[in-house]
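Any read-out appearing in this document is the output of simple, stated calculations on the displayed coordinates, not a laboratory observation. None of these values were measured; they are calculated from a predicted model. With ideal geometry, Cβ positions are generated from the backbone for all residues, glycine too; neighbour counts draw on all protein chains shown.
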Amino acid sequence: MYRRPLLPHGLRPPETWAGPGFAARPLRLADAEDDLAAVLASADRLRGAMDPADPWPGGLTLHENRVDLGWHEREFTSGHSFAWTLRDPADRLTLGCAYLYPSDREGPDAMAFWWVRTGHETRDTPVGTAFRALIAALPLACAFPGRDEAWATWQARPRRWP
């Protein structure tokens, strides 16, 4: 877990937000099965998407996903990081996720990632537009490694912590 709130005391990002063809709400432990199905359906595209050296989601099990989602839920409630599940408007299908974490590199306060389920890539731009607008309204500098900044450039920055 991260050790401090990402935002100033009393300030939180919206719990819910939406755009064309999707709605976002906090990612919870109860989402584990649906989330795992979306991750596994998108595994080839997700490998390295949030860290080129990370083999995630290779071999991800339901138990491991439950652990991850429990962590995300706790972090959201503590305000130390934020993770949202992206759902179709009828709330029947997990379309992906969006994450806002403290930056592990010098420079920006935060780093953000999002992914959209394979087969639903047309939602990537609307999700990104809505997520970037949400972040732009917060009092922090945010980077989008792997999207706005090449991984090699991001990883060349000094680390904030080991």
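Tabulated data for the structure shown
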quantity: Kirkwood Rh, Cα atoms: Rg over Rh of the chain; calculated: 0.93
quantity: The chain: calculated mean residue ellipticity at 222 nm from DSSP helix runs of at least 4, using -39500 (n - 2.57); calculated: -9000 deg cm²/dmol
quantity: Antiparallel DSSP beta bridges within the chain, as percent of all bridges there, nearest 5; calculated: 90
quantity: The chain: relative contact order in percent, alpha carbon pairs under 8 Å with at least 6 residues between; calculated: 26
quantity: The range 41-62 and the range 65-130: distance between their alpha carbon centers, rounded to Å; calculated: 14
quantity: Peptides ranked, highest mean first, by Cβ atoms within 10 Å: ranges 19-26, 5-12; calculated: 19-26, 5-12
